[in-house]
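Structure first, commentary second.
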Amino acid sequence: MKKPFPHSTISVCHEIWPGDIGYITYMHAVIYAPEQGWDYTFDIYVALPLAEFAQSQSPQERIWILKDGDRIAGSMAIVRHSQKEAQLRWLLLEPEIRGRGIGRWLVEEALDFSRDMGYESIVLWTAESLPIAEKLYRSVGFEQILRVRHER
């Protein structure tokens with residue numbers, strides 16, 4: 001049985017509307033850059049593949065956009081990494097809605113969607129400096145298979 005969405009004032013949308021790509025990129029920049037100490041190149045890391053996804057998404061891919069009224073409060077997507085492998089991308093929640101089970105709900109939705117689409121596995125890349133996200137990913141079955149160090 002599917003779990004209900006864990007927040008009464010936030011809605012979930014799978015359609016991309018004008019401004020969504022830019023706003024999701026902006027959110028990643030203004031939330032993660034100060035938290036992680038990343039520079040403007042992180043904007044590019046998010047913006048380019050997100051724009052490509054929006055331009056060519058297939059039925060085997062999906063985005064979840066969380067809206068609090070007209071304002072975006074979070075996002076996540078499943079994109080095709082290969083024929084048999086999905087990739088979880090752009091999971092981000094505004095700090096004020098974290099800790100309410102929304103991230104877990106989103107990741108479980110991604111897992112269910114990926115299974116329904118016939119993917120055999122899901123990959124994700126995350127930063128070592130995001131221990132809460134890492135704990136969530138491990139709790140639903142993700143395992144670390146590679147560690148890469150980025151030098152500035």
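None of the figures in this text is laboratory data; all of them are computed from the coordinates on show. Bear in mind that the values here come from a model prediction, so they are computed numbers and not experimental data. With ideal geometry, Cβ positions are generated from the backbone for all residues, glycine too; neighbour counts draw on all protein chains shown.
Miscellaneous remarks
- Here the dipole of region 1-110 is about 460 debye; that uses its Cα centre as origin and unit charges on the Cβ of Lys and Arg (positive) and Asp and Glu (negative).
- Extension gain, ASP112 back to VAL140 (0.36 nm per residue minus Cα-Cα distance, nm): 8.9 nm
- Converting phi to 3J(HN,Hα) with the Karplus coefficients 6.51, -1.76 and 1.60 and the offset θ = phi - 60°, region 103-113 yields x, 4, 4, 4, 5, 5, 4, 4, 4, 4, 4 Hz in sequence order, with x at every glycine or proline.
- Theoretical FRET efficiency, 1/(1+(r/R0)^6), r = Cβ-Cβ of VAL30 and LEU124, R0 22 Å, to 0.05: 0.50
- Loop-located chymotrypsin sites (Phe, Trp or Tyr not before Pro) in region 7-73 (DSSP state other than H, G, I, E, B) with a sparse environment of at most 16 neighbouring Cβ atoms within 10 Å: TYR40.
- Qualifying GluC sites (Glu not before Pro) in region 1-83, where qualification requires a DSSP coil assignment and no more than 16 other C-beta atoms within 10 Å, comprise GLU15.
- Full extension of the chain between GLU52 and ARG100 gives 14.2 nm of extra length, using 0.36 nm per residue less the Cα-Cα distance.
- Subtracting the Cα-Cα distance of ARG71 and GLU85 from 0.36 nm times their residue separation leaves 1.9 nm of extension gain.
- Restricting region 75-127 to trypsin sites (Lys or Arg not before Pro) in coil, as DSSP defines it, with at most 15 other Cβ within 10 Å: LYS84, ARG98, ARG100
- Simple spin-label estimate for ASP39 and GLU15 in nanometres, 7 Å along Cα-Cβ: 4.0 nm
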